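Structure, as structure tokens:
The values are calculated or read from the model by the stated rules, or taken from the named source; none is laboratory data. The structure presented is a predicted model; accordingly, all values stated were derived computationally and were not measured. Note that we place each Cβ from the backbone using ideal geometry, even for glycine, and neighbour counts take in every protein chain shown.
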Amino acid sequence: MTDLKIEQIRTNNEVKQRRRADNSAIVHGELWEALHELHADRVYIVQPHPLGNESMISIYFESKRKGVESMKPKIQDLKMSEVAVFCSDMAKNLYMFFDNIDEQVKDRFAKSLLSACGTNKVAIKRLSDNNHDWVGSVFCEFTHDVEVNEDEVRSVLHEVAMNIQYLLPEYKN
């Protein structure tokens, strides 16, 4: 390769890295805004990976209130086969809202995880790419029994999804 080509590749890689950093900052900002606007306790994104051959899910982006347990360490390289029903539901449904985890969440592992982390109510919004393929889900959780306006939650999560789903960097561990 010529020196000019090498320099051009290096410059392109630097631009990509800056763009990824900007996109990550935007994603974190959107989650933080949703957390505070909805008075939620935890907002995070579950992403399937590796894209194209999805076999695991992980959390990379999370915003939470002080004193609230993080979900991020609990959902890292979690095999989809361990939460198959829940992953299927996330991939198929544009939006889900559970205000009774024990009664409404069918997947035993997901139910156990949500309950053990103190989740009382959860809204989940599907994220899609240009081909309408599932690239992740935004979770908005409430850990205490508060009155939640489901229409407002749906609207805010829809706005978050529209603002980030095409910016969301591919999950890489």
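Checking each residue in the stretch 28-55 for being of a type outside the set (A, V, I, L, M) and buried (at least 21 other Cβ atoms within 10 Å of the Cβ) picks out GLU30, ASP41, ARG42, TYR44, GLN47, PRO48. Restricted to the stretch 77-136, and to residues there that are hydroxyl-bearing (Ser, Thr, Tyr) and over 22 Å from LEU38 (Cα atoms), the residue that is surrounded by the most Cβ atoms within 10 Å (Cβ to Cβ) is SER128. Within the stretch 43-62, the set of residues being hydroxyl-bearing (Ser, Thr, Tyr) and either closer than 15 Å to LYS125 by Cβ or more than 11 Å from the chain's Cα centre (by Cα) (or both) comprises TYR44, SER55. With the condition kept exactly as written, say whether any residue in the stretch 145-155 is under 17 Å from the mean Cα position of the chain (by Cα), modelled with pLDDT of 95 or more and among the hydroxyl-bearing types (Ser, Thr, Tyr). Yes. Can you find even one residue in the stretch 70-83 that is touching a Lys or Arg at 6+ places or on another chain (Cβ under 7 Å) and of a type in the set (Lys, Arg)? No, there is no match, as no residue in the stretch 70-83 is touching a Lys or Arg at 6+ places or on another chain (Cβ under 7 Å) and of a type in the set (Lys, Arg). Applying the condition of being at pLDDT 55 or above and β-branched (Val, Ile, Thr) to the stretch 13-30 and asking which residue is farthest from LYS64 (Cα to Cα) yields ILE26. Only residues that are surrounded by 12 or more Cβ atoms within 10 Å (Cβ to Cβ), assigned to a loop (DSSP other than H, G, I, E, B) and free of Cβ contacts under 8 Å to residues at least 40 places away in the same chain were counted across the stretch 56-76, and they come to 3.
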